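Structure first, commentary second.
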Amino acid sequence: MTSEVSLFLLALFGCTLAFSCSISVVKHTQSDFKGIHKGFLTLLEIAMRMYSGAHYETYEKDPTVLVCVFVFLFLITIFLMNMLIAQLTCAYESVYNDMLGYARLERVEIIVVTMPMVSPRNWEKFKQNLALDDKTEFNVGDVGVTGGLQVLEPASANPTTKDAIKRFGGSTSVEMPWPADDEGEGDETEKFERMEKLIQKALKRLTKSGSGKGANSRSASGSGSGEDKQASHSSSKESDESGAGSNSGGDGDN
């Protein structure tokens, strides 16, 4: 990682020197950029965020200096910093891979040192317990090859729709050469994968549209039942009022 940081510092030094030289040859009245050395220190303070913001108000009289400073800030804060982050990320990946390699070498060294201490009887018993001569099963009834250890895991742990096992018809003899891949097989598998993705997208759209229509129908049925209740309630009120009027008329006649 030191190489990436040193490259970043070298690029920062080059950009600062180039902008200080370019600003020093421009006609301006800024005392901070009178000379290459003063401009270099000023731009370095700006890059390190040690420069006071009140000084930017004085740059309004010299728009050329202001534009150069803005371009310098854009180049340093956006381009160079992002490039440094990308370089450190790539360096971290390489360091992580090296770390894994050294860890495996250390484990191998421990195994090599421990092997002479194991008795032949225990070693043979250990090999028999591994059962490396038995064929492993990829799935129930799907017999595989020998020399492996079967480790079971839940089906939801690593879901996948692509079979990682390549199957070939014909003899299973060890003396037979490995069959060559068909030239057009890759195109067919890619077509099937594309069709599968399209089907999955279509199913997702159908499920979303079905849930939206169900919610709309529920709201519509709820509103319709509410209107029916209100209508029945108003009709019952009208019938009660008409009944009360007829009763009052009958009392008057009596």
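The values are calculated or read from the model by the stated rules, or taken from the named source; none is laboratory data. Nothing here was measured: the structure is a model prediction, and the numbers come from that model. As a convention, Cβ positions derive from the backbone with ideal geometry for all residues, glycine included, and neighbour counts pool all protein chains shown.
Quick notes
- In the range 175-191, the residues that are part of a loop (DSSP other than H, G, I, E, B), surrounded by 10 or more Cβ atoms within 10 Å (Cβ to Cβ) and either aromatic (Phe, Trp, Tyr) or modelled with pLDDT under 70 (or both): 181
- Going through (1) out of contact with any helix residue (DSSP H, G or I) (no Cβ under 6 Å at 6 or more places or on another chain); (2) closer than 15 Å to residue 12 by Cβ one by one, residue 61 falls short only on (2).
- Matching residues, the range 1-39, being touching a Leu at 6+ places or on another chain (Cβ under 8 Å), small (Gly, Ala, Ser) and farther than 20 Å from residue 86 by Cα: 20
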